[in-house]
Amino acid sequence: MSKTQDDLKAAFAGESQANRRYLAFAKKAESENQPGVAKLFRAAAEGETVHALNHFRNLGETKGTAENLAAAIAGETYEIEKMYPEFLGDAQDENEKRAEMSFSGALKVERVHQGLFKGALAKLEAGEDVADADFWICPVCGFPAKDHAPGVCPVCATPGDKFYKV
């Protein structure tokens, strides 16, 4: 791999993280009654997304839908089988309860993502599309509920009225 390819990967990762960081900063600014600063952070986050997508496109990472689904399944599988189990073990060894809860919830939700992607790939291979549906996301653990929010999140027990629609 060339140095430029390595640079594009690093730039994609950095810009992606900046987007998420600025969105977190925007939420904090809103909670501190600073809507102008929140809007500034959201605008910067959108710019970082443009940068990240440009770098990703230049890496040639966006393929056809079947290949993208396979890549998503592989990523979720890695998180399920290797990444989160290791992170969970580290948090347990170091008695980091909050990190343990974060990793544990993410691991459970990654299994759901993996299942959704596998189902979508099976439909695609059968010449079909998945049914158009709304998703409701748990703001605590990220659990995606299809069509409507549950009464309570099956992963972290957050009340369903806290979910937001995608």
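Where a number appears in this text, it was derived from the coordinates with a stated rule and is not lab data. As the structure is a prediction and not an experimental result, all values here were calculated from the model. Note that each Cβ is placed from the backbone with ideal geometry, even for glycine, and that neighbours are counted across all protein chains shown.
Stretched out straight at 0.36 nm per residue, the stretch from K63 to K146 would grow longer than its current Cα-Cα span by 27.3 nm.
Taking a straight Cα-Cα cut-off under 17 Å and skipping sequence neighbours fewer than 8 places away in the same chain, the aspartates and glutamates within cross-link reach of K82 are D90, D93, E100, E110.
Shown for F143, F25, F117: other C-beta atoms within 10 Å of each C-beta, ranked fewest to most, produce the order F25, F117, F143. Pairs of Lys residues in region 112-166, spaced 8 or more positions apart or belonging to different chains, with C-alpha separations under 19 angstrom: 4 in total.
Shape summary: the chain maps onto an equivalent ellipsoid whose semi-axes, from the alpha-carbon gyration tensor, are 25, 25, 20 Å in decreasing order. Computed from backbone phi with θ = phi - 60° and the Karplus coefficients 6.51, -1.76 and 1.60, the 3J(HN,Hα) list for region 133-147 is 8, 8, 10, 10, 10, 6, x, 9, 10, x, 4, x, 9, 8, 6 Hz; x is used for glycine and proline.
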